[in-house]
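Values quoted throughout were computed directly from the atomic coordinates according to the rules given, and no laboratory measurement underlies them. The structure presented is a predicted model; accordingly, all values stated were derived computationally and were not measured. Here the Cβ positions follow ideal geometry from the backbone for every residue, glycine too, while neighbour counts run over all protein chains shown.
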Amino acid sequence: MPETTSAAPASGTASTRRRQLIAGNWKMNGTRASGVALAGAVADMARRNAPPCDLVVCPPATILMAVGGRLAGSTVSFGGQDCHAKPDGAHTGDIAAPMLADLGCRYVIVGHSERRADHGESDTAVKAKATAALAAGLTIILCVGETEAQRDGGQATSVVGSQIAGSLPEGAAAENCIVAYEPVWAIGTGRTPTGGEIAAMHGHIRASLRKHVGEAADRMRLLYGGSVKPSNAAEILALDDVDGALVGGASLKAEDFLAIAAAARKP
Ligand code: PGA
């Protein structure tokens, strides 16, 4: 099974034991035709030249079914970009976690900074969505990250620590929870933190997670996201405590997405 993490290390971060995961966040892009073509290209390239990591794509909800159909039998998993906190009910326009599971999704992104900003999602709201996703059997990709002003003000680690404390759901474990560190100022801007800044934040996130989930934190995968592209992927994916990437813009081109995946650490 591609998604399983390896056996629990006795101690330490044991980063080489965590199989890396590259997830594509397609955001609000794609029609049935273009989405199926992109998914098909990703699946075909991954079959011809298997990358040393797990692959996930998160298309818009409108094309999940079509993309899921194209990915059937491939090594590429798929997921949603958001879900509601309730399993069903009077919530016009929203999508419930069990509906995503029903389509064959294994993953769902929760707490992306664009949803936190565009839809005013608080940590409490994100936690409720994450809880619903776990109840539906999905693996969450829980996003955290500071704004530029917060980093400039020296608050990056405290902001991210409080986002983890406020949005990590009960029952989060290495098998059902992936945390993505996405500094808001690096998303879609072409700017990235230095390798040292990413490694330091990921170390901080893992230490925070240990307080909440104990040793499971050492097996939990931590992704970096924000302007990951083929030219910087190898450097980022080689960093301590980086267990993959959440890729936006570059995931819309199969060649770029697979080039990033090819740079993953060998398990
Ligand atoms: P980007 O987006 O790769 O286009 O910066 C990342 C994300 O928002 O997940």
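A few notes on this one:
- Mean Cα-pair separation over length for segment 41-161, i.e. relative contact order, pairs under 8 Å, 6 or more apart, %: 21
- Cβ-based exposure ranking for F257, F78, in which fewest neighbours within 10 Å come first: F78, F257
- Cβ-based net charge around Q20, under 10 Å, with every Lys or Arg adding one and every Asp or Glu removing one: +3
- Database remark: amide H of E182 closer than 5 angstrom to the amide H of V144, G145, G225 (H placed geometrically; neighbours at sequence offset of 5 or more, or on other chains; Pro and chain starts carry no H).
- Taking a ≥ b ≥ c as the square roots of the eigenvalues of the alpha-carbon gyration tensor, the chain is classed rounded because a/c is under 1.5.
- Overall shape: prolate for segment 28-120, with the ratio a/c of the largest to smallest alpha carbon gyration tensor axis at 1.5 or above and a/b above b/c.
- Structural descriptor for the chain: relative contact order 24 percent, calculated from alpha carbon pairs under 8 angstrom and at least 6 residues apart.
- Three-way shape label, segment 82-211, alpha-carbon gyration tensor, a/c 1.5: prolate
- Size of charge dipole - the chain - debye, nearest 20, with Cβ of Lys, Arg +1 and Asp, Glu -1, no other charges: 540
- Under 5 Å between amide hydrogens, built in the peptide plane, is the criterion, and for A245 it picks out L21, I22, A23, Y224 among residues at least 5 positions away or on other chains.
- Mean Cβ neighbour count within 10 Å, used as a protection proxy, ranking 219-225, 235-241 highest first: 219-225, 235-241
- Helices assigned as whole DSSP H runs in the chain whose Cα atoms extend at least 20 Å along their own long axis and whose mean Kyte-Doolittle hydropathy is -1.0 or higher are found at 32-48, 195-213.
- In order through segment 90-99: 3J(HN,Hα) via Karplus (6.51 cos²θ - 1.76 cosθ + 1.60), integer Hz, x for Gly, Pro: 7, 9, 4, x, 8, 10, 8, 4, x, 5
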